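Report on one structure; see the data block that follows.
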Amino acid sequence: MTGLIPTRIPAFLPPPNACDCHMHAYGPAEIYPPRPDSPFPPVAGGDIESYRRVRAMLGLTRAVVVQPSVYGFDNRVTLDAMAALGADARGVAVVPPDISDDELALLTDLGIRGIRFFMIGGGSLGWEDLETLAAKTAAFGWHVQMQMDGRLLHEQADRLARLPGRLVIDHNGKFLEPVGVDHPGFAALRRLIDNGRTWVKTSGVYETSRVGAPDYPDVARLAQTLIGEAPERCLFATNWPHPSKPGNPPDDARLVDLFHAWCGNDLVAARIMVDNPAELYGFAPSPQQDQLP
């Protein structure tokens, strides 16, 4: 891998309409000015045209563009990236608590399907905004996308379970230190998934692994456990352009192959890469959808 563009294709060829359920797009500061107080600078080279090359190399078709924290409530870079990708794109936005129904309707028409809560520092929304915005956006069919330290998830699980609409948990729960499958936070994640309204992205294992490449086994075991227990509630994502590792991005082709290994077979991989995103984000279903037994 050279920079942010893979230098090889994965050994596993994703199925048609495979969806990358979490990527970001960045652009020139003179067009998309970053928040001056953001701890996260825009990722150089993280533009939508570079992502097109990544998507083609990895064999992916669809994408969910997630609003980067650095732009706050200014969702233009996300909307422009979605427009560039066309019908194969959906988005997750960050909106203020006083947003109007007319504004939410417009964003929905443009393909936004979720609201992002980033609770690890540097986000524009706080816990005090959760219930208000969850209710407002659920009326338009949006889900809440939550990223927090999974080690605290059991403290917030009941609150999250009461939210209207659907819930998506980022990056296997985003445990900032690797944990075992018996950790209270991971147990809470599994209970949330059991409620039938929660999805989890089996992505970002490289972000918090202490063992590291090429297999990230200390975090990968969480992803493999989630896929083994509830493939119908799992999602695939690249997290490109890897904003937490701008100077040392992971091998995206390797991550695709790792995901396939966690799935164990092509049928489970297709369920997670194609069918689940079609349901959650409102993509057209595939002409032929094999179902898990």
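The values are calculated or read from the model by the stated rules, or taken from the named source; none is laboratory data. A quick note: this is a predicted structure, and the numbers were derived from the prediction, not measured. Positions of Cβ are generated from backbone atoms using ideal geometry, with glycine treated the same way; all protein chains shown enter the neighbour counts. What goes into the accessible areas is simple: the full protein's heavy atoms, side chains included, and nothing from ligands, DNA or RNA. Shrake-Rupley method; radii C 1.70, N 1.55, O 1.52, S 1.80 Å.
Kindly evaluate residue 220 against the criterion of being within 23 Å of residue 153 (Cα to Cα) and open to solvent by less than 70 Å² (accessible area, probe 1.4 Å). Yes: the conditions hold for residue 220.
In contact (Cβ under 8 Å) with a residue 60 or more places away in the chain and open to solvent by 20 Å² or more (accessible area, probe 1.4 Å) - does that describe any residue in region 153-160?
Start the filter on region 153-160 by keeping residues that are in contact (Cβ under 8 Å) with a residue 60 or more places away in the chain, which leaves none.
No; the residues of region 153-160 include none that is in contact (Cβ under 8 Å) with a residue 60 or more places away in the chain and open to solvent by 20 Å² or more (accessible area, probe 1.4 Å).
Could you give every pair whose Cβ atoms fall below 8 Å, whose first residue belongs to region 90-112 and is farther than 19 Å from residue 279 by Cα and of a type in the set (Asp, Glu), and whose second residue is modelled with pLDDT of 95 or more and open to solvent by less than 10 Å² (accessible area, probe 1.4 Å), counting only separations of at least 6 or pairs across chains? Between residues of region 90-112 that are farther than 19 Å from residue 279 by Cα and of a type in the set (Asp, Glu) and residues that are modelled with pLDDT of 95 or more and open to solvent by less than 10 Å² (accessible area, probe 1.4 Å), the close pairs are 103/95.
If you go through region 137-150 and pick out every residue that is within 19 Å of the chain's Cα centre (by Cα), farther than 16 Å from residue 66 by Cα and open to solvent by 10 Å² or more (accessible area, probe 1.4 Å), you end up with 3.
Scanning region 179-203 for residues being part of a loop (DSSP other than H, G, I, E, B) and either open to solvent by less than 40 Å² (accessible area, probe 1.4 Å) or at positive phi (or both) gives a total of 5.
Quick check: is even one residue across region 87-107 under 19 Å from the mean Cα position of the chain (by Cα) and exposed (fewer than 14 other Cβ atoms within 10 Å of the Cβ)? Yes, some residue in region 87-107 is under 19 Å from the mean Cα position of the chain (by Cα) and exposed (fewer than 14 other Cβ atoms within 10 Å of the Cβ). Pairs meeting the criteria (first residue in region 256-281 and over 19 Å from residue 214 (Cβ atoms), second residue open to solvent by 50 Å² or more (accessible area, probe 1.4 Å), beta carbons under 6 Å, at least 6 apart or on different chains) are 267/290; 275/289; 278/285; 281/113.
What do you reckon, is residue 65 touching a residue at least 40 places away in the same chain (Cβ under 8 Å), out of contact with any Cys (no Cβ under 9 Å at 6 or more places or on another chain) and surrounded by fewer than 23 Cβ atoms within 10 Å (Cβ to Cβ)?
Numbers: touching a residue at least 40 places away in the same chain (Cβ under 8 Å): yes; out of contact with any Cys (no Cβ under 9 Å at 6 or more places or on another chain): yes; surrounded by fewer than 23 Cβ atoms within 10 Å (Cβ to Cβ): no.
It is false that residue 65 is touching a residue at least 40 places away in the same chain (Cβ under 8 Å), out of contact with any Cys (no Cβ under 9 Å at 6 or more places or on another chain) and surrounded by fewer than 23 Cβ atoms within 10 Å (Cβ to Cβ).
Of all residues in region 2-29, those that are free of Cβ contacts under 8 Å to residues at least 60 places away in the same chain have Cβ atoms under 7 Å from Cβ atoms of residues that are aromatic (Phe, Trp, Tyr), 6 or more apart or on another chain, in 25/51. Taken over region 161-170, the criterion of being open to solvent by less than 10 Å² (accessible area, probe 1.4 Å) and either part of a helix (DSSP H, G or I) or of a type in the set (D, E, K, R) (or both) is satisfied by 170 alone. Of the set (1) under 13 Å from the mean Cα position of the chain (by Cα); (2) crowded, with 23+ Cβ neighbours inside 10 Å, all apply to residue 206 but (1).
Which one is nearest to residue 243 (Cα to Cα) among residues in region 17-51 that are among the aliphatic types (A, V, I, L, M) and part of a loop (DSSP other than H, G, I, E, B)? Of everything passing the filter in region 17-51, 43 is nearest to residue 243 (Cα to Cα). In region 202-215, the residues that are more than 12 Å from residue 22 (Cβ to Cβ) and touching a residue at least 12 places away in the same chain (Cβ under 8 Å) form Cβ pairs under 9 Å with partners that are surrounded by 14 or more Cβ atoms within 10 Å (Cβ to Cβ) and among the aromatic types (Phe, Trp, Tyr), at six or more places apart or across chains, as follows: 205/216; 206/216; 208/175; 208/216; 209/216; 213/206. Residue check: is residue 73 modelled with pLDDT under 95, open to solvent by 30 Å² or more (accessible area, probe 1.4 Å) and within 17 Å of residue 116 (Cα to Cα)? No, not satisfied. Within region 215-226, is even one residue assigned to a strand (DSSP E or B), at pLDDT 95 or above, among the aliphatic types (A, V, I, L, M) and within 20 Å of residue 268 (Cα to Cα)? Taking every residue of region 215-226 in turn, none turns out to be assigned to a strand (DSSP E or B), at pLDDT 95 or above, among the aliphatic types (A, V, I, L, M) and within 20 Å of residue 268 (Cα to Cα).
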